[in-house]
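Each remark here refers to the structure printed beneath this line.
The values are calculated or read from the model by the stated rules, or taken from the named source; none is laboratory data. A quick note: this is a predicted structure, and the numbers were derived from the prediction, not measured. Backbone-built Cβ (ideal geometry, glycine too); neighbour counts: all protein chains shown.
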Amino acid sequence: MKVNYFISDIFYVCLRDLKHYLKQRVRIMATLIQPIIWLVLIGNLMSGLTANPLTLKFLDAPSYLDFMAPGVMVMTTLFTGLFAGVRVVWDRRLEILQKMLSTPLSRTAIPLGKIAAAVVQGNIQVIIVLLTALMLGVTFKTGLAGIMVILIFISLFCSIMASISIALSVNIRNMETFFALMNFITMPLMLTSKAMFPVEAMPGWLKFIAEWNPISYAVIPLRTLVTKGWDWTVIWQSLIILCFFALCFLAGAVFFFKRARA
Amino acid sequence: MKNIIEVKSLSKIFPGKITAVNKISFSVKQGEIFGFLGPNGAGKSTTIMMLTTLHLPSSGTAFVSGYEIKKSPRSVRMQFGYVSQDLAVDDRLTGYENLFLQAKYYHIPNQTARERIKILLNLVELEKRAKDLVETYSGGMRKRLDIACGLIHRPKILFLDEPTLGLDIHTRRQIWQYITDLREKQGITIFLTTHYMDEADSLCDRIAIIDHGVIKVLGTPQELKSRLGGDIITLDIALTHVAKIPRLIKLLKTLTNIKQIKTAKTKITIVTLHAESMMADILKIIQKNSIPLEMVMLKTPSLDDVFLNFTGRSLRDEAGNREQAHKARRMLRRIRS
Ligand SMILES: Nc1ncnc2c1ncn2[C@@H]1O[C@H](COP(=O)(O)OP(=O)(O)OP(=O)(O)O)[C@@H](O)[C@H]1O
Ligand SMILES: [Mg+2]
C-alpha cells in the first residue's frame, strides 16, 4: 500500500509538471526549433572547415554533422534537465509547493516526480533532434536498437542534470538568481566537454577537464552508437558510471529538497 | 466539548533571531470557529504553518486531533485542510484539474474524487467554470477554488489563513456563509486568521488577539468586549430639568446589572453589561418621572476598542497597508504570465 502511494505520488507530481509543459506552447516551439538550428546552422557552417581529411581524422566520424548530432542531443538534455529547478522556485514562490507540502504527499516523491517530468521532456526533445538528424542525412550505425539505448543514456543524464538543478533551487527564492546560477554552470560545462569538439584537438589541460566532465560520459557512448557501432566496452563502462552518478545525484536532490525550509 | 487542537508553549524563532511566535498556549474546541486576530507580522501565519507541519517549531509542541506535530507529521496532515494566505491555486491548470490533483495527493480513488469534486464545485458555485483555466478566474473565484481544494479529503479541521483578504464585500459575505455552513452541516472545526474586526466578530465563536507573537487576550467576542466594562448608555437631560438628575440617579441605581453611573452637567452615562435589555427599564423610569430627554445614545464597544486596549494600537490604521501589500504581491505574480 505504502509503495503504491509512493508511486502514485511520483506519478501525479510528474503529471502536473507535464501538463504545465504541454500548455507552454512558445517554450515547446522554441525547444523544438533550437536543435534544428543547431544542427542545420553549425553543421552547414562548419562543413567547409570540417570536410577535409585532417579534421575528419580528428573527428573520427563520417562528417561533422554525424559528430555533432550526439553533442546536440546531450546539450538539449542538459538544458531541459537544468530547467527542472525553475519549477521548484516558482512553486515555492506561488505557495503551491507549501500547499503540496501540507498534504500527505511524500516529500521524497516531490523531487523525484519533478525529475521524472524533466526526463520525459528530455526524451521528447531528443527524439526531435534524432528525427532532424535523420532528415539531414546522419546515419545511425546501430539503427533502432541503438536509438533505444541512446534514450536510456539520455534519461540517465537528464536525471543527473535535473537533480543538480533541484538541489540548487531549494534555497533560492527568486528567478534571476536561479538563471544566473544556471548560466554560470552550463557554459563552462558545455565548452569543456567532448560534446562540441574532438578531444584530440584540445590542449592538454582542457583534455584533462574534458576527461572528467560528466557531459563527456553521455556524449562518448552516444557518439559511439551513432558513428561506430556496438562497442560494448564503451557502452557498459559509461552506463555503469552514469547509473552510479544518477543514483548519487538523485539521493542528493531528495536530501537537499527535504532539508529545505518551507 | 473535546479540544481538537492543543497548543503548548509553542515558539518559532527564525534565523536572524526574529521571534515570530513567543511561547503561545491555547486550545481549540471541536466544532468551533476559532479566530486569530492580529496586525501585520503578529505571527498568525507562522502559527498556522507550525500547526500544518510546514514550519518546525523552535520549542514547545502542539497536538492536532490527537497527533503530535513533530512526531507524527504525516498523520497530522491527514487531519486538516489548509488554505494559505496567498492564492495557492495552479493558474495554468483548470479548476477541475486543480481539484483532481489535490484529491490524488490525498490518495483518494478516482471515482470518489470525481464525486467529491462535483459536490465541492457545487458548494463554491464554480461548476460552470470548472473546465476553464484558473488564469481566467477572478480573485474571488480563485479563493473559492482554493477553499474547495482544502475540503477535498473531508478534513476534521480547516485552516484558513486570511480567507477574505483583498476580496470585495459580496464575496466576503459569500465566504462567511460557506464557513458557517461547513461548521453547521459538517461539524468541521475552523481555525482562521484575519485582520478584519467585523469578520472576527460575526464569524468566530472565540478569538485570540495576537501581537508580536504573544496572545494578548482570548475569549468569545462578547467576553472580550465586556472586559472593557460593558456597553455604555448616555442620556442627555433637557436643561430645564437638571434639578431632577440626583433623584433620577437614585432611581437608576435600584436597577440590577448596572456597573457604573456618572454624571457630567446634563449628561448621565451608564455602564452596563446588557444594554439592550436595560434600555426599556431605564426609559420607563424616565417616563414615569416625566423628564424630557434631548438625546439617548447606546454604544457597544467594538473589537477595535478591545484591540486598542490590549495592543495599544488600532487595527484600522493597518488595514490600508495590508491591502497595498496584498496588491503588490498579486502584481508580482502577474509578471509571470
Ligand atoms: N520565513 C521567514 N523567515 C524569517 N522571518 C520570517 C519568516 N516568515 C515570517 N517571518 C517573520 O515572522 C514574523 C511573523 O510573520 P507572520 O507571517 O507569521 O505574520 P502574520 O501575522 O501572518 O502577518 P500578516 O498579517 O502580514 O500575514 C514577521 O516579523 C516576519 O517578518
Ligand atoms: Mg500572515
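Find all pairs meeting these conditions: Cβ atoms under 8 angstrom apart; at least six residues apart or on different chains; first residue within the range B:137-162 and within 16 Å of ligand 1 (Cβ to nearest atom); second residue assigned to a helix (DSSP H, G or I) and among the hydrophobic types (A, V, I, L, M, F, W, C). Partner pairs satisfying both residue conditions: B:LYS143/B:ILE175; B:PHE159/B:ILE48; B:PHE159/B:LEU51; B:LEU160/B:ILE147; B:LEU160/B:ILE179; B:ASP161/B:ILE48.
Among the residues of the range A:148-183, those identified as surrounded by fewer than 24 Cβ atoms within 10 Å (Cβ to Cβ) and under 11 Å from A:LEU82 (Cβ atoms) are A:ILE164, A:LEU168, A:PHE178, A:PHE179, A:LEU181, A:MET182, A:ASN183.
Residues that are at pLDDT 90 or above number at least 3 in the following strands (runs of 3 or more DSSP E) confined to the range B:149-256: B:157-161, B:189-194, B:206-211, B:214-219.
Condition check ((1) within 14 Å of chain B (Cβ to nearest Cβ); (2) of a type in the set (Lys, Arg); (3) surrounded by 19 or more Cβ atoms within 10 Å (Cβ to Cβ)) across all residues:
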site: A:PRO62; (1), (2), (3): no, no, no
site: A:MET73; (1), (2), (3): no, no, yes
site: A:ILE96; (1), (2), (3): yes, no, yes
site: A:PRO111; (1), (2), (3): no, no, yes
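The residue of the range A:84-94 that is modelled with the lowest pLDDT, among those that are in a helix (DSSP H, G or I) and either buried (at least 24 other Cβ atoms within 10 Å of the Cβ) or at the interface with chain B (Cβ under 10 Å from one of its Cβ atoms) (or both), is A:ARG93. Of the residues B:ILE48, B:ILE18, B:ILE13, which single one is surrounded by 22 or more Cβ atoms within 10 Å (Cβ to Cβ) and either within 14 Å of chain A (Cβ to nearest Cβ) or more than 15 Å from ligand 2 (Cβ to nearest atom) (or both)? B:ILE48 is the lone residue from the list that is surrounded by 22 or more Cβ atoms within 10 Å (Cβ to Cβ) and either within 14 Å of chain A (Cβ to nearest Cβ) or more than 15 Å from ligand 2 (Cβ to nearest atom) (or both). Pairs meeting the criteria (first residue in the range B:239-261 and over 19 Å from B:GLU276 (Cα atoms), second residue part of a strand (DSSP E or B) and of a type in the set (D, E, K, R), beta carbons under 9 Å, at least 6 apart or on different chains) are B:LEU239/B:GLU294. Of all residues in the range A:165-200, those that are in contact with a Gly (Cβ under 7 Å, 6 or more places away or on another chain) and hydroxyl-bearing (Ser, Thr, Tyr) total 2.
Of the residues in the range A:95-113, how many are touching a strand residue (DSSP E or B) at 6+ places or on another chain (Cβ under 9 Å) and not in a helix (DSSP H, G or I)?
Residues of the range A:95-113 that are touching a strand residue (DSSP E or B) at 6+ places or on another chain (Cβ under 9 Å), as a first pass: A:98-99, A:102-103.
Cutting the leftovers down to not in a helix (DSSP H, G or I) gives us A:102-103.
Qualifying residue count for the region: 2.
For the range B:112-123, check the following and say yes or no: at least one residue is within 14 Å of chain A (Cβ to nearest Cβ) and within 30 Å of A:GLN24 (Cα to Cα). Checked against the condition, which is being within 14 Å of chain A (Cβ to nearest Cβ) and within 30 Å of A:GLN24 (Cα to Cα), the range B:112-123 yields at least one hit. Of the residues that make up the range B:169-191, is at least one in contact with a Phe, Trp or Tyr (Cβ under 8 Å, 6 or more places away or on another chain), away from ligand 1 (no atom under 16 Å from the Cβ), in contact (Cβ under 8 Å) with a residue 60 or more places away in the chain and not charged (D, E, K, R)? Checked the range B:169-191: at least one residue is in contact with a Phe, Trp or Tyr (Cβ under 8 Å, 6 or more places away or on another chain), away from ligand 1 (no atom under 16 Å from the Cβ), in contact (Cβ under 8 Å) with a residue 60 or more places away in the chain and not charged (D, E, K, R).
Tally the residues that are farther than 25 Å from B:ARG183 by Cα and surrounded by 14 or more Cβ atoms within 10 Å (Cβ to Cβ), restricting the search to the range B:136-159. If you could, list the steps in order and put the result at the bottom.
In the first step, residues of the range B:136-159 are kept if they are farther than 25 Å from B:ARG183 by Cα; the result is B:136-138.
In the following step, the residues that additionally are surrounded by 14 or more Cβ atoms within 10 Å (Cβ to Cβ) were identified as B:137.
Residues flagged as farther than 25 Å from B:ARG183 by Cα and surrounded by 14 or more Cβ atoms within 10 Å (Cβ to Cβ) within the range B:136-159 amount to 1.
Take the range A:115-136 and flag every residue that is away from every other protein chain (no Cβ under 14 Å) and closer than 26 Å to B:ARG77 by Cα. Break it down into steps so the answer makes sense when it comes.
Kept after step one, since they are away from every other protein chain (no Cβ under 14 Å), are these residues of the range A:115-136: A:115-116, A:118-136.
The answer is A:ILE115, A:ALA116.
Taken over the range B:117-127, the criterion of being of a type outside the set (A, V, I, L, M, F, W, C) and modelled with pLDDT of 95 or more is satisfied by B:LYS118 alone. Tallying residues that are part of a loop (DSSP other than H, G, I, E, B) and away from chain A (no Cβ under 14 Å) within the range B:66-77 yields 3. Within the range B:107-128, the residues that satisfy the criterion of being surrounded by 18 or more Cβ atoms within 10 Å (Cβ to Cβ) and within 29 Å of the chain's Cα centre (by Cα) are B:ARG116, B:ILE117, B:LEU120, B:LEU121, B:VAL124, B:LEU126.
Out of curiosity, is B:VAL83 within 16 Å of ligand 1 (Cβ to nearest atom) and in the same structural domain as B:THR19 (by TED's automatic domain parsing)?
Working: within 16 Å of ligand 1 (Cβ to nearest atom): yes; in the same structural domain as B:THR19 (by TED's automatic domain parsing): yes.
Yes; evaluated as a whole, the condition is true for this residue.
Every residue, every condition in (1) under 17 Å from B:ALA208 (Cβ atoms); (2) more than 10 Å from ligand 1 (Cβ to nearest atom); (3) in contact with a helix residue (DSSP H, G or I) (Cβ under 7 Å, 6 or more places away or on another chain), yes or no:
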position	(1), (2), (3)
B:ILE4	yes, yes, no
B:GLY16	no, no, no
B:ALA20	yes, no, yes
B:SER58	no, yes, no
B:SER72	no, yes, no
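Taking the range A:219-240 as the search range and keeping residues that are in contact (Cβ under 8 Å) with a residue 24 or more places away in the chain and of a type in the set (A, V, I, L, M, F, W, C), which one is nearest to A:SER63 (Cα to Cα)? So the residue we want is A:VAL226.
Test of understanding: among A:TRP230, A:TRP205, A:TRP212, which residue is closer than 20 Å to A:ALA69 by Cα and of a type in the set (Phe, Trp, Tyr)? Full working, then the answer.
Working: A:TRP205 fails: closer than 20 Å to A:ALA69 by Cα; A:TRP212 fails: closer than 20 Å to A:ALA69 by Cα.
None of the others qualify; the one that does is A:TRP230.
Here is a yes/no grid of residues against (1) out of contact with any Pro (no Cβ under 6 Å at 6 or more places or on another chain); (2) surrounded by 15 or more Cβ atoms within 10 Å (Cβ to Cβ); (3) more than 11 Å from chain B (Cβ to nearest Cβ); (4) at pLDDT below 90:
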site	(1), (2), (3), (4)
A:VAL13	yes, yes, no, no
A:VAL26	yes, no, yes, yes
A:ALA30	yes, no, yes, yes
A:PRO35	yes, yes, yes, yes
A:TRP38	yes, yes, yes, yes
A:GLY43	yes, yes, yes, yes
A:LEU82	yes, yes, yes, no
A:PRO104	yes, yes, no, no
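Checking the stated criteria, B:GLY213 turns out to be in the same structural domain as B:GLN79 (by TED's automatic domain parsing), within 16 Å of ligand 1 (Cβ to nearest atom) and more than 15 Å from the chain's Cα centre (by Cα).
Evaluation of B:LEU56 against the conditions (1) without any contact (Cβ under 8 Å) to a residue 60 or more places away in the chain; (2) closer than 27 Å to B:SER138 by Cα; (3) facing another protein chain (nearest Cβ under 9 Å) shows that the sole unmet condition is (2). Checking the stated criteria, B:GLY166 turns out to be within 14 Å of ligand 1 (Cβ to nearest atom), surrounded by fewer than 21 Cβ atoms within 10 Å (Cβ to Cβ) and not charged (D, E, K, R).
Output the residue which, of all residues in the range B:22-56 that are assigned to a strand (DSSP E or B) and of a type outside the set (A, V, I, L, M, F, W, C), is nearest to ligand 1 (Cβ to nearest atom).
Narrowing the range B:22-56 to residues assigned to a strand (DSSP E or B): B:22-29, B:33-37.
Narrowing further to those that are of a type outside the set (A, V, I, L, M, F, W, C): B:22-23, B:25, B:27, B:29, B:35.
On the way: B:ASN22: 10, B:LYS23: 15, B:SER25: 17, B:SER27: 20, B:LYS29: 23, B:GLY35: 13 Å.
Once the filter is applied, the top-ranked residue is B:ASN22.
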